[in-house]
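To start, the structure itself, in structure tokens.
The values are calculated or read from the model by the stated rules, or taken from the named source; none is laboratory data. What you see is a predicted model; the values in this text were computed from it and never measured. Heads up, the Cβs are rebuilt from the backbone with ideal geometry, glycines too, and the neighbour counts pull from every protein chain shown. The accessibility values were calculated without ligands, DNA or RNA, using every heavy atom of the protein model including side chains. Shrake-Rupley method; radii C 1.70, N 1.55, O 1.52, S 1.80 Å.
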Amino acid sequence: MAFKRKFTPKRKFCRFCADKNLPLDYKRPDILRDFVTERGKIIARRITGTCAKHQRRLTTEIKRSRQMALMHYTTVHSTDVKKKSI
């Protein structure tokens with residue numbers, strides 16, 4: 001009887017640990033948008049693969065960026081999404 005190999009997913013890694021030159025800063029919303037859904041929710045570290053240390057810092061920087069109006073809180077605040085007219 002042949003045994004089937006179980007599917008092993010690709011190992012996730014922290015982008016910030018792998019590349020020390022990648023800045024984790026609120027002034028770089030282009031990098032931070034990779035860790036936020038289109039609805040504005042911060043993606044969990046088990047999905048993104050970031051380590052605990054960088055996930056905590058990432059959350060802080062996303063919140064700072066939102067406070068400084070560099071990123072949107074939700075899609076309703078975005079100018080890209082038009083409101084549904086009645």
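Observations on the structure shown:
- Over 18 Å (Cα to Cα) - which of Lys20/Lys53; Lys27/Lys63; Lys10/Lys41; Lys41/Lys63 fall in this group: Lys10/Lys41
- Put a dot 7 Å past the Cα of Ile43, heading toward its Cβ, do the same for Arg11, and the two dots end up 2.1 nm apart.
- The residues of the chain present an accessible area of 89 Å² per residue when probed at 1.4 Å with all protein chains retained.
- Accessible-area composition of the chain, carbon plus sulfur, in percent [1.4 Å probe]: 54
- For the chain, alpha-carbon Rg and Dmax in angstrom: 17.3, 63
- Using C-alpha pairs under 8 Å with a sequence gap of at least 6, the mean separation divided by the residue count of the chain gives a relative contact order of 29 percent.
- Estimated FRET transfer efficiency when R0 is 22 angstrom, pair Ala52-Lys27 (beta carbons, to 0.05): 0.40
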